[in-house]
Amino acid sequence: MSIVKLSNVAGGLNADLSPEELATNFWSASSNMRFANGYASRFRGTTAAFTTPSITPYFVIAYAVPASKFIVYAGLTAIVCDDGTTRTTITGTAPTGAIDDRWTGGAVNGVLVLNNYADIPRYWAGVPATPFAALPGWTATHRCAVMRPFKNYLVALDITKAGVRTPHTVKWSNTLNPGAITAAGDWDETNPAIDAGETDIAGEDLLVDCLPLGDTNIIYKERSMWAMSYVGAPYIFRFQRLPGDHGMLARGCVENTPVGHVVMTPGDIVVHSGHGCTSIANAVIRDYIFSNLSQTYYKRSFVTSNPAKNEVWICFPFGSESATCNRAAVWNWIDKTWAIRTLDSVTYGATGQVVYTSAATAWSGATTTWDTQAGAWDDYDYSPAESRLVFCHSTPYISLADIGSSDFGTVITSTLERSGMHLDSPEKVKLCRAVYPIIDGTTGDTVQIEVGASMTANFAPTWSAPATFTIGNDQKVDCFATGRYLAVRLTHVNYPTWRIRSLGIDVQDQGYF
């Protein structure tokens with residue numbers, strides 16, 4: 001007997017290369033398993049939070065004022081805030097946009113500004129009794145595709161004036177005072193007494209979105225990136241094209257991280273810190289994402305983060321029939337690993353501090369069984385001191401990600417698969433007789449293990465019948481497969497979380513034929 005030990009199983013998923021080309025610490029297929037700190041671990045669950053929305057939400061943002069922390073979400077006809085205790089409709093004038101008139105915005109000087117391309121931009125100061133109001137100083141016949149805060153300014157992209165669209169125009173407000181929003185005339189680019197202005201960024205590609213990176217606002221077009229830097233009067237801002245021909249796929253497809261902006265471009269996932277871009281998906285997961293991305297609803301993709309786990313989530317509609325995001329390609333910026341997380345009809349996501357009050361998050365108020373609880377004794381899954389990931393769903397739900405042990409009460413199926421293992425001897429036939437996994441989890445919980453084999457590279461393996469491995473009781477499972485290229489697959493269908501540290505395979509050399 002010869003045990004081949006795979007001592008590091010946390011290399012992550014590589015879905016693009018042929019399995020025969022991969023190092024032994026990579027997996028050729030996986031679902032709902034993340035890779036960090038030397039482990040392959042099942043993702044935690046997704047839990048409905050706050051009062052169930054009375055509208056279908058298509059945008060969500062975390063927004064804080066001194067007295068409260070809110071989740072604000074917007075649909076086609078209304079805008080709602082929730083402080084964890086009370087849900088309040090704060091719409092003001094009803095929106096008129098469609099699903100793909102995507103909301104943008106953010107907080108500037110403590111005031112929340114939202115824009116949906118179809119209506120006048122609007123603002124809210126964080127008082128539930130006072131609804132959103134039209135942005136002062138904005139010309140009533142003007143519209144913009146994007147509005148974002150930058151320093152003490154508001155920046156608008158892709159301007160339409162009296163029905164005439166100028167998709168290369170960048171427009172900015174006058175300087176805003178703390179706690180204040182724009183006043184009459186604050187967007188008048190012809191007034192030399194104020195800082196407001198506008199300019200066109202040349203090129204055939206259209207403006208898409210922007211996001212600050214340190215002291216610079218990065219403006220993304222379809223095939224280029226531009227730096228918007230403050231220089232003061234009389235020009236106020238300088239615009240400079242950044243190296244490369246990378247742009248952005250759709251509004252919302254960028255996230256700020258400790259390693260720079262992570263951007264979903266038309267055809268790649270890149271990271272940059274204001275200089276040249278570097279692909280983080282090439283020859284790993286890029287083909288998987290873009291070959292499965294909906295050709296109809298691809299502009300509903302978005303990028304967000306889960307700071308508690310050092311992760312960026314590339315959320316996208318998987319398959320031609322999906323009109324919402326049902327997959328996330330998850331990149332860990334510390335371990336540099338990729339994973340796949342299934343999603344349930346997600347329309348948007350955001351990161352922020354969240355007040356989530358639920359007795360069920362503590363053991364003293366738990367209603368599930370001991371085996372299905374994922375938290376620690378007297379521990380709360382969500383702390384208002386942490387910045388966490390929040391989703392909105394077409395279901396409709398507002399949810400907290402990476403909490404609990406199920407997706408809205410539904411069991412999470414997690415899988416790991418590695419095929420094409422030649423063990424440095426592709427010419428030899430091997431007999432696999434057993435698998436020795438080192439798995440942490442709930443004693444008595446089970447993982448199904450299969451082995452497979454093929455005689456030729458790039459051929460699908462023939463799989464054995466599943467064998468049951470019982471955590472805390474079993475040391476190995478006996479399962480058999482013969483071929484030059486071996487495969488192993490682990491499947492877990494249950495509530496408890498689990499993780500795997502290493503894997504041993506009992507392999508016997510069968511010679512060359």
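The values are calculated or read from the model by the stated rules, or taken from the named source; none is laboratory data. Not measured: the values here are computed from a predicted model. Quick reminder, even Gly has a Cβ in these numbers, built from the backbone with ideal geometry, and neighbours come from all protein chains shown. To get the accessible areas, we keep the full protein, side chains included, count just its heavy atoms, and leave off ligands, DNA and RNA. Shrake-Rupley method; radii C 1.70, N 1.55, O 1.52, S 1.80 Å.
Quick notes on this one:
- Only a single item in (1) closer than 20 Å to V9 by Cα; (2) open to solvent by less than 40 Å² (accessible area, probe 1.4 Å) is not met by I438, and it is number (2).
- Those residues of the stretch 447-459 which are surrounded by fewer than 18 Cβ atoms within 10 Å (Cβ to Cβ) and within 21 Å of T497 (Cβ to Cβ), in sequence order: Q448
- In the stretch 141-181, the residues that are of a type outside the set (S, T, N, Q) and assigned to a loop (DSSP other than H, G, I, E, B): K151, A162, G163, L176, P178, G179, A180, I181
- Single residue of the stretch 233-246 satisfying the filter (part of a strand (DSSP E or B) and either among the aliphatic types (A, V, I, L, M) or crowded, with 18+ Cβ neighbours inside 10 Å (or both)) that is farthest from the chain's Cα centre (by Cα): I236
- Residue in the stretch 490-498 that is within 20 Å of S2 (Cβ to Cβ) and either in a strand (DSSP E or B) or touching an Asp or Glu at 6+ places or on another chain (Cβ under 9 Å) (or both) present: no
- Positions within the stretch 59-81 being buried (at least 22 other Cβ atoms within 10 Å of the Cβ) and touching a Pro at 6+ places or on another chain (Cβ under 9 Å), in sequence order: F70, Y73, A74, G75, I79, V80, C81
- Within the stretch 322-355, tally of residues that are touching a residue at least 40 places away in the same chain (Cβ under 8 Å), open to solvent by less than 10 Å² (accessible area, probe 1.4 Å), touching a Cys at 6+ places or on another chain (Cβ under 9 Å) and aliphatic (A, V, I, L, M): 2
- The stretch 167-186 - residue that is closer than 30 Å to E204 by Cα and open to solvent by less than 10 Å² (accessible area, probe 1.4 Å) and, of those, modelled with the lowest pLDDT: S173
- Hey, A94 of a type in the set (A, V, I, L, M), touching a Gly at 6+ places or on another chain (Cβ under 9 Å) and either part of a loop (DSSP other than H, G, I, E, B) or crowded, with 20+ Cβ neighbours inside 10 Å (or both) or not: no
- The single condition from (1) touching a strand residue (DSSP E or B) at 6+ places or on another chain (Cβ under 7 Å); (2) more than 29 Å from G409 (Cβ to Cβ) that A23 fails is (1).
- Positions within the stretch 113-141 being open to solvent by less than 30 Å² (accessible area, probe 1.4 Å), free of Cβ contacts under 8 Å to residues at least 60 places away in the same chain and in contact with a Lys or Arg (Cβ under 9 Å, 6 or more places away or on another chain), in sequence order: L114, N115, N116, D119, P121, F132, L135
Yes/no matrix, rows are residues, columns are (1) of a type in the set (V, I, T); (2) in a strand (DSSP E or B); (3) more than 17 Å from the chain's Cα centre (by Cα):
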| site | (1), (2), (3) |
| --- | --- |
| D195 | no, no, yes |
| V231 | yes, yes, yes |
| M248 | no, no, no |
| S291 | no, no, yes |
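- Residue ID - farthest from F469 (Cα to Cα), chosen from residues in the stretch 499-513 that are in a strand (DSSP E or B) and open to solvent by 50 Å² or more (accessible area, probe 1.4 Å): D509
- The residues of the stretch 286-321 that are under 24 Å from S18 (Cα atoms) and either open to solvent by 60 Å² or more (accessible area, probe 1.4 Å) or touching a His at 6+ places or on another chain (Cβ under 6 Å) (or both), listed by number, are R286, D287, S291.
- Of the residues making up the stretch 480-492, those that are over 22 Å from D424 (Cβ atoms) and buried (at least 22 other Cβ atoms within 10 Å of the Cβ) are L490, H492.
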